Amino acid sequence: MILWHNPRCSKSRAALALLEERGVQVTVRKYLEDAPTVEELQAAQTALGLPVTQMMRTKEAAFKDMGLTKDTPKDALLAAMAQEPKLIERPVLFKADKAVIGRPPERVLELL
């Protein structure tokens, strides 16, 4: 299992704690320091089974500053997340070909 994690985010920390409390082995990826590629983001979207905008922090200032809207083409939204990873909703837990956004943090338990 891989967790895209932001240690400064309380929801992300809570999700990681829930996994650790259950003895789950998880590889932590600090996605702000190690930004996912467009290809990784495409794979994440497929695993999540969500529209791209639902895996984004659309209220983040960068969303507006980059001229993005919910009608922006998918490829442009994915490129924006690769360029500005703080736009990625967090945390995201991956297991094989499935993923879940940990909002609320207990959602990560769905993949156990």
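Overview of results
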item: Subset of segment 21-41 (residues that are farther than 14 Å from Pro85 by Cα and part of a helix (DSSP H, G or I)); result: Glu21
item: Residue count for segment 46-80, restricted to those that are of a type in the set (S, T, N, Q), part of a helix (DSSP H, G or I) and under 20 Å from Cys9 (Cβ atoms); result: 2
item: Pairs, first over 11 Å from Pro36 (Cβ atoms) and at pLDDT 95 or above in segment 76-97, second of a type outside the set (A, V, I, L, M, F, W, C) and part of a strand (DSSP E or B), C-beta under 6 Å, six or more apart; result: Pro91/His5
item: Those residues of segment 85-112 which are surrounded by 20 or more Cβ atoms within 10 Å (Cβ to Cβ) and either more than 13 Å from the chain's Cα centre (by Cα) or in a loop (DSSP other than H, G, I, E, B) (or both), in sequence order; result: Glu89, Arg90, Pro91, Gly102
item: Hey, Pro7 part of a loop (DSSP other than H, G, I, E, B) and more than 17 Å from Leu78 (Cα to Cα) or not; result: yes
item: Total residues in segment 79-112, condition within 16 Å of Arg57 (Cβ to Cβ) and of a type in the set (Asp, Glu); result: 2
item: For Tyr31: the one exception among (1) free of Cβ contacts under 8 Å to residues at least 24 places away in the same chain; (2) in contact with a helix residue (DSSP H, G or I) (Cβ under 7 Å, 6 or more places away or on another chain); (3) not polar (S, T, N, Q); result: (1)
item: Test: residue in segment 59-77 that is basic (Lys, Arg) and under 12 Å from the mean Cα position of the chain (by Cα); result: no
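The values are calculated or read from the model by the stated rules, or taken from the named source; none is laboratory data. Keep in mind that what you see is a predicted model, and the values were worked out from it rather than measured. A quick note on method: Cβ atoms are made from the backbone with ideal geometry, for glycine too, and the neighbour counts reach across all protein chains shown.
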